[in-house]
Amino acid sequence: MTSSVVSLQVGQCGIQLGTSLLETIAGEEMNLGSEGGLSDTFFRQQRLVASDSYSIKGVIQKTHPRSVLVDMEPKVIASTVRSSGNESPLFTFDPRSCFAKQSGSGNNWARGYFEYGSQYGDDILDKVRREVEKCDMFRGFLVMQSLAGGTGSGLGARLAQLLKDDFQSSFLLNHCVWPYESGEVIVQNYNTLLTLSHLHDCSDGIIVTENETLLQTCKRRLDIARPTFDDLNKVAAKGLASVLLPAERQSVDPYDFGGGGGGVEQNLLGDLVEHLCSHPAFKMLTLKSAPQVQTKALDFTEFKWTTILKWLRQMLIVSSSLDETLDWGVKIDSGSSINRVHCKSMGNFLVLRGRGAFDADVTTFADKALYPSWASDPLRVMCSKESFLKHEMFATVVSNSQASIVPMRKVLDKAYNMFDEKAYVHHYERCGLSHKDMEYAFANIEDIIAKYESL
Ligand SMILES: Nc1nc2c(ncn2[C@@H]2O[C@H](COP(=O)(O)OP(=O)(O)O)[C@@H](O)[C@H]2O)c(=O)[nH]1
Ligand SMILES: [Mg+2]
């Protein structure tokens, strides 16, 4: 039996990116010709009886994502639900799993967390429970949100906490979009800081995707001059989908880290959390994929696993998400000529899709120098021989690593500067955030950074 994941898509970004992810997964599952419709991992079937106004011949079957959409303003949910019903859709959202209000969060984390969290938390949780009850075997939650706004960040953080309290034996994984460094929301550094601090206290793992990286991937690799959110979301969705579709554990483990075999795993997310998020002090995950090329170029380019894995490993150790502009000067061998520090990982979850994936040589990812000496089982490799989104070969590594130190440090410094000036603090205090709460968040992030630095 396949275990299932219930998703929460909170705020504009969470809803839009999450929908793009579900579309990618659904499209790929259909390409692979899954006979019984979409998998139980992220979708469920609903039978509608004759009295339903849609019905033609008595009973029709609808496919709904196991997903709850939450926003404090109506338009994003309305257009998402509407467009998910267009043009022979693979799925439609269940209107009963949507929760929208009228007023918005005004990019104020505290309004989302305190005000809306207290007012609506229970009602939203009822919708979540309803989705969980529809799973034959429920495994955990994927919560999608941005860090910069007010709804995804504030209410999203509160919901994550409520979920963890209510479903203690299930996993809770967050996917968070990191804002551009500047030019978006003036208080984004406060919102990011507060969200990360709260999620680190309640979530099992936090996958962070930077909008800047998505933008650069669109511009430099996919030749999109003015990328839209939709373009960005497709890139993010592709990376995520590549680790969420079924795969099998590579049984030949070059460093004999144990395990192996066991057949095709349908729900990789549970495995990923189990493998990467076992240490309570380390929860920051990043995702890197290669190759990033336009679909139309795929017919003219020949790839080899050795090249793809060489790129990907370099992306990992220099902490870059773009497979061009890589600094090949950074190496991790014996080190005499090396003066730059490489990015250490607590653990890596490597997923290879396409021809020859099971035979690809992943020894360089098992290199002990990539990991702290105490890491006992740091690498897991999952493979599928099926091509992925027209790629003959595609590799993604989800990494619990030092990659988040730099962006976290920047956010912390900018938030400190504003906090010193007491800038905008009254907006938060008015909604219930105390000076102590803010200081706790600063200290918490400092602590997380220090732990990663010590790897
Ligand atoms: N990648 C991506 N980022 C988004 C999208 N929508 C909003 N954002 C980012 O999310 C942040 C604003 O948060 P938003 O989700 O709009 O606020 P909320 O509705 O209050 O949760 C900014 O950093 C935006 O760049 C989207 O569809 N995709
Ligand atoms: Mg919004």
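For the range 98-117, indicate whether the set of residues that are loosely packed, with under 14 Cβ neighbours inside 10 Å, part of a loop (DSSP other than H, G, I, E, B) and without any contact (Cβ under 8 Å) to a residue 60 or more places away in the chain is non-empty. Scanning the range 98-117, I find at least one residue that is loosely packed, with under 14 Cβ neighbours inside 10 Å, part of a loop (DSSP other than H, G, I, E, B) and without any contact (Cβ under 8 Å) to a residue 60 or more places away in the chain, so the answer is yes. Total residues in the range 123-144 satisfying the condition of being within 16 Å of Val10 (Cβ to Cβ) and without any contact (Cβ under 8 Å) to a residue 24 or more places away in the chain: the figure is 1. Among the residues of the range 74-92, the one identified as over 23 Å from the mean Cα position of the chain (by Cα), part of a loop (DSSP other than H, G, I, E, B) and within 16 Å of ligand 1 (Cβ to nearest atom) is Pro74.
Within the range 129-140, identify whether any single residue is under 30 Å from Glu212 (Cα atoms) and either more than 15 Å from ligand 2 (Cβ to nearest atom) or not assigned by TED's automatic domain parsing to the domain that holds Leu21 (or both), and answer yes or no.
yes
Here the condition is being of a type in the set (Lys, Arg) and closer than 27 Å to Val243 by Cα; of Lys385, Lys414, Lys422, it holds for Lys385 alone. Scanning the range 404-439 for residues that are open to solvent by 70 Å² or more (accessible area, probe 1.4 Å) and of a type in the set (A, V, I, L, M) gives a single hit, Val406.
From the list Lys436, Lys422, the one residue that fits, being at positive phi and over 26 Å from the mean Cα position of the chain (by Cα), is Lys422. Being within 16 Å of ligand 1 (Cβ to nearest atom) and either open to solvent by 60 Å² or more (accessible area, probe 1.4 Å) or without any contact (Cβ under 8 Å) to a residue 24 or more places away in the chain (or both): is that true of Arg158 here? Answer is no for this residue. Here Tyr180, Tyr190 are screened, and the one residue that is open to solvent by less than 10 Å² (accessible area, probe 1.4 Å), away from ligand 2 (no atom under 16 Å from the Cβ) and over 16 Å from Arg66 (Cα atoms) is Tyr190.
Of the residues making up the range 245-273, those that are surrounded by fewer than 15 Cβ atoms within 10 Å (Cβ to Cβ) and at pLDDT 65 or above are Ser251, Gly262, Gly263, Val264. Mind checking which residues of the range 372-403 are polar (S, T, N, Q), open to solvent by 10 Å² or more (accessible area, probe 1.4 Å) and in a strand (DSSP E or B)? Of everything in the range 372-403, just one residue is polar (S, T, N, Q), open to solvent by 10 Å² or more (accessible area, probe 1.4 Å) and in a strand (DSSP E or B), namely Ser384.
Do we have any residue at all in the range 93-116 that's among the polar types (S, T, N, Q), away from ligand 1 (no atom under 16 Å from the Cβ) and over 30 Å from Gln45 (Cβ atoms)? Looking through the range 93-116, none of the residues is among the polar types (S, T, N, Q), away from ligand 1 (no atom under 16 Å from the Cβ) and over 30 Å from Gln45 (Cβ atoms).
The one condition from (1) open to solvent by 20 Å² or more (accessible area, probe 1.4 Å); (2) away from ligand 1 (no atom under 15 Å from the Cβ); (3) among the polar types (S, T, N, Q); (4) modelled with pLDDT of 95 or more that Ser278 does not meet is (4). Taken over the range 17-35, the criterion of being open to solvent by less than 70 Å² (accessible area, probe 1.4 Å) and either outside the structural domain of Asp94 (by TED's automatic domain parsing) or over 16 Å from Ser7 (Cα atoms) (or both) is satisfied by Gly27, Glu28, Glu29, Gly33, Ser34. Quick check on the range 219-232. Is at least one of its residues modelled with pLDDT of 95 or more and buried (at least 22 other Cβ atoms within 10 Å of the Cβ)? Yes, the range 219-232 contains a residue that is modelled with pLDDT of 95 or more and buried (at least 22 other Cβ atoms within 10 Å of the Cβ).
Yes/no matrix, rows are residues, columns are (1) more than 30 Å from Gln46 (Cα to Cα); (2) out of contact with any helix residue (DSSP H, G or I) (no Cβ under 8 Å at 6 or more places or on another chain):
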{"position": "Leu142", "(1), (2)": "no, no"}
{"position": "Gly149", "(1), (2)": "yes, no"}
{"position": "Leu162", "(1), (2)": "no, no"}
{"position": "Asn174", "(1), (2)": "no, no"}
{"position": "Pro179", "(1), (2)": "yes, no"}
{"position": "Ile186", "(1), (2)": "yes, yes"}
{"position": "Leu215", "(1), (2)": "yes, no"}
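Taken as a whole, the structure places Asn444 among residues that are touching an Asp or Glu at 6+ places or on another chain (Cβ under 8 Å) and either at pLDDT 95 or above or not in a helix (DSSP H, G or I) (or both).
The values are calculated or read from the model by the stated rules, or taken from the named source; none is laboratory data. Everything quoted here is computed from the prediction, not taken from an experiment. Glycine also receives a Cβ, built like all others from the backbone with ideal geometry; neighbour counts cover every protein chain displayed. With ligands, DNA and RNA removed, areas are computed over all heavy atoms of the protein, side chains included. Shrake-Rupley method; radii C 1.70, N 1.55, O 1.52, S 1.80 Å.
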